[in-house]
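The values are calculated or read from the model by the stated rules, or taken from the named source; none is laboratory data. This is a predicted model, so every value here is computed, not measured. Note that we place each Cβ from the backbone using ideal geometry, even for glycine, and neighbour counts take in every protein chain shown.
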Amino acid sequence: MDEAADWLVDSLRLYRDLHAFELQGPTRVLECTDNQGVYVAGCESQKRNELLHLLLPPKLCAENQGLCPERDFRVKHGGFSDKPIYNLKHVPETRLLVTSGPPSNSLQVWHVAEDSDMIKAVSTIAVQGAKSSLWPKIAVLVSKGSSVLHGARVSDLHITELESQKTFCMSGGSDSEEEISSLQVLDADTFFFCCASGRLGVVDIRQKLGDSKGATWSPGPGGEWWCAAVQTGGQGPGPTIASLSSNGQLQLKDLRDLDHPVTTVQCPVSMPSPNWELLRVTWAPSLDGCLAISGFDGTVHIYDTTSWKTNGSRVEPLFVHKGHLFMDGNEKDMLSLVTTHTWHPSKPRTLLSAAVDASLHVWDWMDPCSYC
């Protein structure tokens, strides 16, 4: 029996649920809006890309799954973009979406119709200091009257109010040309960024504009490409920042001390990431200390950081999703790269993932301890 067949047999005990969907093209964005929907968008150049609001398979969302035989995704809303979409954020408590992608001369604002199935572009936001080779990362600040935080480089960081489109500089007077790889809002007044170099920063937007004391910077490790994520919500004490390098090194840091990693480990990735822009690390919203990584090959790895005892050691994943390699029954090239993944907002062990072959999966993995 070959590896693909072995995986298909093992999947019966590895997953509580596993659903697959084929998009018209690959996506780099998976934006969950509630417990039942997700936004995806095409990322291909020189073509019109679909922007879709998909409903998750009803069987996955049902309390009594025996009453829901339907297993497929369904399209609820859709539209088209004339340029690739690399980043998408839904503005909570509205029907607005904000997207970005190359060329980076603007952000696009979209409206999801209430009385039809259309997603329509309604306005654009000019991006200051844009370069065609870079594209701005975006995050949404709801408490600031539905504003969007955006920037491709540290020196480009701005906040734009969606209604007035008034823009404020948030770079704290920095002239750094370092490219931003990750951008995340922490609370009503602070946000976090990670540069591709590994440099981390926290900015307090209450500080006077241009005041360099409004930002806390930490130099990056250097020599590799990096992304990062901050664990938010009701987590306990301990490190809350996970920084992931293109060679599979993972550092855990405390938000109060960006200079000194609490733990540094090596993940057993198959190879260095062939495209660092697809590197992704995410914290589980409902499982303390669990995180997921992707962007190295056609798999998604899940780790339990609470089990890491030795600094500098090689760690083993708690679970590996190989569905993007084997779901069609034939083993694919290991460069069948996962483009992005995200955790379901309320189901603790449910994730969504997408790959360059336009496959979209939603899967509920079993705790390995449940069948030990």
Being in contact with a His (Cβ under 8 Å, 6 or more places away or on another chain) and more than 30 Å from L134 (Cβ to Cβ) narrows it down to one residue among V265, V320, V300; which is it? V320
What are the residues in region 1-46 that are outside any helix (DSSP H, G or I) and among the hydroxyl-bearing types (S, T, Y), if any? Y15, T27, T33, Y39, S45
Filter region 325-348 for residues that are in a loop (DSSP other than H, G, I, E, B) and modelled with pLDDT of 75 or more; which is surrounded by the most Cβ atoms within 10 Å (Cβ to Cβ)? H344
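Could you tell me which of the residues L318, L351 is within 19 Å of W7 (Cβ to Cβ) and surrounded by fewer than 22 Cβ atoms within 10 Å (Cβ to Cβ)?
The conditions single out L318.
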What are the pairs, 6+ residues apart or on separate chains, where a residue within region 9-36 that is under 29 Å from E277 (Cβ atoms) has its Cβ under 7 Å from a residue that is aromatic (F, W, Y) and part of a loop (DSSP other than H, G, I, E, B)? F21/F73; R28/Y86
Got at least one residue in region 229-241 being among the hydrophobic types (A, V, I, L, M, F, W, C), surrounded by fewer than 18 Cβ atoms within 10 Å (Cβ to Cβ) and in contact (Cβ under 8 Å) with a residue 24 or more places away in the chain? no
Of everything in region 27-51, what is at negative phi and surrounded by fewer than 21 Cβ atoms within 10 Å (Cβ to Cβ)? Give them in sequence order. E31, C32, T33, D34, N35, Q36, G37, E44, S45, K47, R48, E50
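One line per residue, one yes/no per condition, for (1) within 14 Å of W217 (Cα to Cα); (2) under 22 Å from the mean Cα position of the chain (by Cα); (3) of a type outside the set (S, T, Y):
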site: A139; (1), (2), (3): no, yes, yes
site: S155; (1), (2), (3): yes, no, no
site: K166; (1), (2), (3): no, no, yes
site: E178; (1), (2), (3): yes, yes, yes
site: T190; (1), (2), (3): yes, yes, no
site: G198; (1), (2), (3): yes, yes, yes
site: G201; (1), (2), (3): yes, yes, yes
Restricting to region 262-281, and then to whatever is in a loop (DSSP other than H, G, I, E, B) and surrounded by fewer than 19 Cβ atoms within 10 Å (Cβ to Cβ), can you tell me which residue is nearest to the chain's Cα centre (by Cα)? N275
